[in-house]
């Protein structure tokens, strides 16, 4: 039913930008206004290959940042989790979280900005890696 109504709205509108198109554009702008610059999906690379992906929630009203992670090298059973601490101050971003196979928390410290991405270091308690964090 909704598809039929959508098709009818598009067909009944004059050429060019339809009322539906305008509403969709306005809705997208309104939704983006509720999101901060970190909001979205990010991938962490080490040695040129993806190792972790993050979904970050960044409310535009200055609310607390939240994030979840997934290890792309593991199964969903042991390769998912919540970031316990995420802080962003100036050009520095830090994510801290626990992984099942690690005794110490994993910490990612990077410097950069949301538009250009970040470069820095991952410390998982056993090793250190140079990393790049980029928006998907």
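The numbers here are math on the coordinates, done by the rules we state, and not lab data. This is a predicted model, so every value here is computed, not measured. Note that we place each Cβ from the backbone using ideal geometry, even for glycine, and neighbour counts take in every protein chain shown.
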> Under a plain spin-label model, where a point goes 7 Å from the Cα along Cα-to-Cβ, how far apart in nm are residue 78 and residue 103?
Replying inline: 1.6
> If you count, for each residue, the other Cβ atoms within 10 Å and average over each peptide, how do 107-120, 80-93 line up from highest to lowest?
Replying inline: 107-120, 80-93
